[in-house]
Amino acid sequence: LLMLFTACFPKIENGEIIKDFHNSRRTAMFVANHNSWMDIPFLGHTIGWKNYKFVAKKELEKVPILGKAIKVANNVLVDRSDRRSQLLTLKQGIKWLENGVNLCTFPEGTRSRSNRLMPFKNGAFKMAHKAGAPVIPMSICSAADIMPSYWMFPFRPAYGVCKVVVHEPIESTGKTEEELAQAVREAIISGLPDDQKPLP
C-alpha cells in the first residue's frame, strides 16, 4: 500500500530469474542490502505474491504499523540478545524452507546509515545451508534517495530513481556457510552503484 499511495515502484532488472525460480517449485532465501525502510516493500514487490516470510529483528515489533503487520503475518523474529531465541529462530527458519515457504532478510541486520554495504551476519546463510536451499541475492539501488534511513516516509516517486537487480540463485550445497555468504555478498556488490559499495 505504501508503494501504491506514493507511486514508489522500482525498476526490476532480471525479474525473469524469479519467475523461472517460482516455476521450479523450490524455495529460497532471498537476501538484499538495506539502507531504507523502502527496501522492505521493494523486496516483497520483486518477489511477487508468493508464500514468503521475513526474518527480522524482534525490535521491529515496536515500530508503528510495521510491527503489527510483522506479528500478524507470523514472520520469523529473532532477539539478537538472547541465544535461545537465536537457536529457535534458526530452527523455525529451516522448517519454513523445508515446508515450501520462502524466506527474505537483510543480512546486514540493520539499515546502513552511510548507504554503503555493511558486513553480513551469518543467520540467513546458516538457515539456507542447513535446509539445502539456494540463496537469491538482490541489489536494491538508490532507495535512500527517496527515503533516507532517518526518514519515515518517501518524499519522491521511485521509478526512474530506484531499481532492484536480481541475481542468479546461488546453491548452498557444495559450499561452506562462509563460502555461501561470500558468493552472495559479491553478487550484491556487483549490482550496486559505486556510492553504495563498501569501501576497500
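The values are calculated or read from the model by the stated rules, or taken from the named source; none is laboratory data. All figures in this text were calculated on a predicted structure; none of them were measured in a lab. No Cβ is skipped: glycine too gets one built from the backbone with ideal geometry, and neighbour counts run over all protein chains shown. Ligands, DNA and RNA are stripped out before the accessible areas are found, and what is left, the full protein with its side chains, is counted by its heavy atoms. Shrake-Rupley method; radii C 1.70, N 1.55, O 1.52, S 1.80 Å.
Kindly report, to the nearest 10 Å², the accessible surface of Phe54 as traced by a 1.4 Å probe over protein heavy atoms only.
40 Å²
If I model a spin label at Ser24 and Asp194 as a point 7 Å from the Cα along the Cα→Cβ vector, what separation in nanometres do I get?
The modelled label-to-label distance comes out at 3.5 nm.
Give the aspartates and glutamates reachable from Lys19 as a straight Cα distance under 13 Å; neighbours fewer than 8 places away on the same chain don't count.
Those aspartates and glutamates meeting the cut-off are Glu168.
Which FRET efficiency, nearest 0.05, do Ser114 and Glu168 yield, Cβ-Cβ r, R0 22 Å?
0.20
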